[in-house]
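Written out below as structure tokens is the structure these notes cover.
The values are calculated or read from the model by the stated rules, or taken from the named source; none is laboratory data. Since this is a predicted model, take the numbers as computed values, not measurements. FYI the Cβ positions are ideal-geometry reconstructions off the backbone, even for glycines, and counts take in every protein chain you see.
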Amino acid sequence: MFEGLRNKLQSIREKFGTSIRDAAGSDVREVEKPVEAPSPAPQPETVSAPVLPEAPKVAPAEPERVVPAPVKTVPVEPKKPEGIFSRVRSFVIERELVISEKDIEEPLTDLEMVLLENDVALEVSDAILAYMREDLVGKHRKIGSSVDDIVSTALRGALLKVLGDGFDLPAYIDSHERPVKILVTGVNGTGKTTSIAKMAHYLMGQGYSVVLGAGDTFRAGAIEQIEEHGRRLDVKVIHHQEGSDPAAVLFDTVDYAKAHGIDVVLADTAGRFHNRKNLMNQLDKIRRVVKPDLVVYVDEAVAGNDAVVRAKDFNDLVGTDAVMLTKADMDPRGGAAISIAQTIGKPILFLGTGQAYDDIVPFRPEAVVDELLGVEK
Ligand SMILES: Nc1nc2c(ncn2[C@@H]2O[C@H](COP(=O)(O)OP(=O)(O)O)[C@@H](O)[C@H]2O)c(=O)[nH]1
Ligand SMILES: [Mg+2]
């Protein structure tokens, strides 16, 4: 998932690192960090950088340029227990540093290009850049700070801010009257029905009972498709016949849930194009009749910016409470996943990550950022 963007972000981080090292001039020291330290081996970078007695206090008026430090030849690198554990190079600041806007102008521009090329919406890319600036520029960096950490902390923070909080569905269900009614909407073929089946599977795994409403009465074969999911998952599906009124089917579904003490109603709908007036009217009617607790807009991550634009239109026209982004497994760019929450101001609920029932991941911003930054779990 998002491997194209992840690789690009890796090289952008290196560019930021190079720029910050250039800004620090000779006040940066390369160290090798052991990746895995099996024994209590001495770690070179914790040989606490002796406070330079000769370091002049930098005048606060002009903090960002530091007088080149007298080269300090601390005999570092007392290593290496040959081949026992691998080491990564890292750069550590040896004198207090303040990064200026100019120092990171270039990598910021490169970051903007990468974000836009990977379908991140312009306003979201702008926000990420603003957060990066805010975090990086003008702050005093302590002696011993790692350049990598400075960069990845800034990028992580910026991404987390635009990704929002996610949405904890079990907590939502627990705090609402049952049945909780979830209406699933969106464009045809994006994965609504599959996502309903996955959500049912996920929710049953969490101990909730579920009923499905076959509200797509429009597309040929739609009722059979959801019934088949119901059979496989051993979940009740309420349906009428093709061409019938979806509001009536979903009304019956809610009725069934009430009569049987079911926790969650998952209501399917037909995915006709969002700007068609009759779809809007139909959704309005469904809303009036069913009074859904949550309207979940489904779209596919692979649609990139189109998905963001559609989600926004949909939210403006009929309202949305949360988003499920499908086909994240086929999306190397990640632009929609990064942009949607900030653009429409609604959280992402789940990512769909394949065609199997298990391929559903509650959207946890931290985990998505780990994925984007290539953090091993
Ligand atoms: N790779 C992948 N395929 C998916 C995912 N979600 C749905 N699909 C596929 O997308 C196609 C359309 O799904 P469907 O649920 O019928 O879409 P609907 O028309 O919106 O109800 C099917 O072939 C699904 O298997 C996903 O997360 N990843
Ligand atoms: Mg469908």
Here is a list: HIS240, HIS229. Which entry is closer than 28 Å to ALA307 by Cβ and surrounded by fewer than 24 Cβ atoms within 10 Å (Cβ to Cβ)? HIS229
Could you pull out the residue among VAL114, VAL184, VAL120 that is under 14 Å from LEU9 (Cβ atoms) and not in a helix (DSSP H, G or I)? VAL120
Identify all residues within the stretch 309-335 that are among the hydrophobic types (A, V, I, L, M, F, W, C) and modelled with pLDDT of 95 or more; write none if there are none. ALA322, VAL323, MET324, LEU325, ALA328, MET330
Away from ligand 2 (no atom under 16 Å from the Cβ) and surrounded by fewer than 17 Cβ atoms within 10 Å (Cβ to Cβ), is that true of ASP165? yes
One residue from GLY207, GLY189 being touching a residue at least 60 places away in the same chain (Cβ under 8 Å), surrounded by fewer than 23 Cβ atoms within 10 Å (Cβ to Cβ) and not in a helix (DSSP H, G or I): GLY189
Determine the pairs where a residue that is farther than 10 Å from VAL211 by Cβ and away from ligand 1 (no atom under 16 Å from the Cβ), located within the stretch 247-269, has a partner that is of a type in the set (Gly, Ala, Ser) and assigned to a loop (DSSP other than H, G, I, E, B) with Cβ atoms under 8 Å apart, the partner being 6 or more residues away or on another chain. GLY261/SER209
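Tell me yes or no: at least one residue of the stretch 139-150 is part of a loop (DSSP other than H, G, I, E, B), within 16 Å of ligand 1 (Cβ to nearest atom), small (Gly, Ala, Ser) and crowded, with 17+ Cβ neighbours inside 10 Å. Before you say what the answer is, go through the steps one by one.
Restricting attention to the stretch 139-150, the residues satisfying the condition of being part of a loop (DSSP other than H, G, I, E, B) are 139, 142-145.
After this cut, where a residue has to be within 16 Å of ligand 1 (Cβ to nearest atom) as well, the list is none.
Looking for residues that are part of a loop (DSSP other than H, G, I, E, B), within 16 Å of ligand 1 (Cβ to nearest atom), small (Gly, Ala, Ser) and crowded, with 17+ Cβ neighbours inside 10 Å, one finds none in the stretch 139-150, hence no.
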Exactly one of ILE196, ILE223 is in contact with a Ser or Thr (Cβ under 8 Å, 6 or more places away or on another chain), of a type outside the set (S, T, N, Q) and either within 16 Å of ligand 1 (Cβ to nearest atom) or part of a helix (DSSP H, G or I) (or both), and that residue is ILE223
Contact list, first residue from the stretch 127-147 and hydrophobic (A, V, I, L, M, F, W, C), second anywhere and part of a strand (DSSP E or B) and at pLDDT below 95, beta-carbon distance below 6 Å, six or more apart or interchain, is LEU136/ILE99; VAL137/ILE99; VAL147/PHE91
Total residues in the stretch 172-193, condition near ligand 1 (Cβ under 8 Å from one of its atoms) and either in contact with a Phe, Trp or Tyr (Cβ under 7 Å, 6 or more places away or on another chain) or outside the structural domain of VAL290 (by TED's automatic domain parsing) (or both): 2
